[in-house]
Each structure stands twice: as C-alpha cells, then as structure tokens.
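Taking it in order: structure first as structure tokens, then the write-up.
The values are calculated or read from the model by the stated rules, or taken from the named source; none is laboratory data. Just so it is clear, the model here is predicted, and its values are computed rather than measured. Don't worry about glycine lacking a Cβ; one is built from the backbone with ideal geometry, like all the others, and counts go over all protein chains shown. These accessible areas exclude ligands, DNA and RNA; they are computed on the full protein's heavy atoms, side chains included. Shrake-Rupley method; radii C 1.70, N 1.55, O 1.52, S 1.80 Å.
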Amino acid sequence: MTEPAPIPDASAAVVIVNYRTAGLTIDCLASLEDEVRAFDGRLSVVVTDNHSGDGSAEQIQAAVDQHQWGGWCGVMPLPENGGFAYGNNRGIEAVLARDPAPDYVLLLNPDTVVRPHAVSELMRYLEDNRGYGLAGSRLEDPDGTPQRSAFRFIGVMSELEAGLRIGLASKLLSRWIVAPSVRDDAHAIGWAAGASLLVRKAVFDSIGLLDEAYFMYFEEVDFCLRAKRAGFPCVYAPASRVVHLVGQASGVTDTKKPPKRRPAYWFESRRRYLLRNFGPLRAALADALHVGAFATWRLRVRLGLSHDPDPPHLLADLARQSVFCKGFRPPVGGPPS
C-alpha cells in the first residue's frame, strides 16, 4: 500500500453551512477529525447555522463539547436564513479576519463525509500547481460510485443540448455538455460543485466573496466564473475523495427519492446567472432555446418514446420563470416562502 504524501505546510479553514441538518453536520465533523489531527493545528473548522430554529446550533455545539472538538471547531449561529452564499460568507469573513489568515478556505457541505486525506490532497494539488485558484474534489456515493462534480460553464449551446437530450444532438454538441463523463485524472474545468471546493485566499482578496443575491444554487458557478476571469481557473482533483449524500441538505436534488418540483429560488438563481453573465440578448436566446428544445423532449415523453426523469411541472416553470415572463433585471434571491 502506497504511503500518503506528506501533509502540505500551508494552513486551511473549513466552512460548513448548516440549516436544519444537525445530524449530517455532526457526521461530517467526525469525518474531519483525523484530517485535522494530521495538520497539527493548521486546519480548523467553522460551522455557521443559518437560523435553523430547530435547535441545530445547540445540537452541534453539544457534539463539539462532547467529542472535545472545540480546539479546532467553532459554531456560529446566524441571525437569519440568508441562503447558502450568505452562510458561507459569514464563515469566510470570520476565518479570513484571523491573524494569520489561512492560506485556503474549503467550502464543504454538511451532507458530506470526507475520505482520508481528502483535504490534504486538494491543498497539495494547489500548492504544486500555482496556476489554479480553486480545486474541487471527486464526489462519490457511499459505495464509491463517482458522481459528476466537474463541470463546464453554462452557455447558449449547453442550454440547447440540455433541453433536447437527443443522442445525435448531444454528440454534436458534446463540447458544450455542462456535466461531462467522470474522468480519473486531474484536469482544468469550468467549475466544481460547491459541496467540496477549496479556494485560495488570494481569490477572495481579488474578487471578494460569494454573491449573496443567489439564495441557493448557481452561486458557485458564478464565483468560479468570476475567479477564472480574474486569472484563477478551477481544477478537478480526483485524488481528493468526498462522499456526497446528494440532496440530503437541501431536499431538492435527492436522487434516492422521486424528483420534487424545483423551488422558485432555483429558477431565480438561474435567471440571475444568465442575465449577469450573458447580458439580456444572450440570456433571452438561452431561455428560448432551452424552453423550445425541452418542449420537444416533453413531447417525446408524452408519446412514450422516453422515460420521464424530470421534476413535476418543469417545462411550465421554465417558461414562467424565463426572462420573457420575468423581465431582464437580475433577480435578488430570498428565502422560500
């Protein structure tokens, strides 16, 4: 068995946002314990609680006290549920205000379990490859089956492909597929899933924090795009392996249950991303192509030519939430009603 490489000399802080997922968060913290010990004081954790209102913060603090994690983990209750970017930003601000500030910040979902050396492998890759500013882990199911967690940026052609879902069209448009097949090698990507995303301090120094106008979803896509434009591209580092219990934290994308109708804030985040990064004309084109192509897919489903994997009312919701119906001003997200 190959011995793990030495732990990098750099320091890092992990930020976990909890919202009514105390049990998952505690399991995540337990999985970090060996990694924290290996870093010998150079790895710490802060858990922000987005005003869960269900005793989550108290439960997590009790677990920290019980397991004597207080030397490396702090719990920060927040006054409101301002969304995923909001919760992350409060934690990022807290750790970057330290003296000295950590060299890296790892954004980690509460519905994750870190495999051995997952954090050190991310840090090692960025330490050895200074041309990158962010690194994403290989996300996987508990049995080790890899999940698609390394992505290309959304574009007009990718929206067309995502709506059509026809084999020949997908082959012709393969270079624009947002979620390509999983690869085993480290390689440059557009963006990585925010479930386990390591960010250099220099990236925050250059472009600031996550955009809190995204309540949930698309905030990491937007952040990675801003970072790339500032000269900090993202890399997929599959030597870092993290179990992701998909949808357990949000309840929206749980692959083990029948698909749920997507909430309004998902569409608002998508529309904000398109308008901010494409401009009105390209956003309108992306919406038109996606809705039109998706309508042909839904016709195939109605005719029995394809199975139905989609959340309820998705076509109607896409049309209703498009720039044609909602306008061309980027929305400012808010908590679900």
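Structure notes:
- Heavy-atom accessible surface of region 30-114, averaged per residue, reaches 42 Å², computed with a 1.4 Å probe.
- Radius 13 Å from Cβ of Thr25, net charge of other residues (Lys, Arg +1; Asp, Glu -1): -4
- Between His313 and Ala288, the FRET efficiency from the beta-carbon distance, with R0 = 22 Å, is close to 0.70.
- Net charge, Gly167 excluded, C-beta distance under 14 Å - Lys, Arg +1, Asp, Glu -1: +2
- Heavy-atom accessible surface of the chain: percent carbon and sulfur, 1.4 Å: 54 percent
- The 1.4 Å probe gives accessible areas that order His244, His67, His313, largest first, as His313, His67, His244.
- With θ taken as phi - 60° and the Karplus curve 6.51 cos²θ - 1.76 cosθ + 1.60 applied, the whole-hertz 3J(HN,Hα) list for region 170-186 is 5, 5, 5, 9, 4, 5, 10, 5, 5, 10, x, 4, 5, 10, 8, 9, 5 Hz, x standing for glycine and proline.
- Rounded to 5, the percent of DSSP beta bridges in the chain classed as antiparallel: 40 percent
- Leading residue at positive end of dipole, region 1-144 (Cβ point charges), from Gly53, Ser137, Pro79: Pro79
- Whole-number accessible area per residue in Å² for region 281-332, which is evaluated in the context of all protein chains at 1.4 Å: 60 Å²
- Spin-label zone in region 269-296 - amide nitrogen under 12 Å from a point set 7 Å from the Cα of Phe324 along the C-beta vector: 284-295
- Extreme residue, positive dipole direction of the chain, given options Tyr217, Ile189, Phe324 (C-beta unit charges): Phe324
- Charges were assigned to the Cβ only: +1 to each Lys and Arg, -1 to each Asp and Glu. The resulting dipole of region 92-215 about its Cα centre is roughly 440 debye.
- Approximating the spin labels as points 7 Å out from Cα along Cα→Cβ, the Leu96-to-Gln68 distance works out to 3.5 nm.
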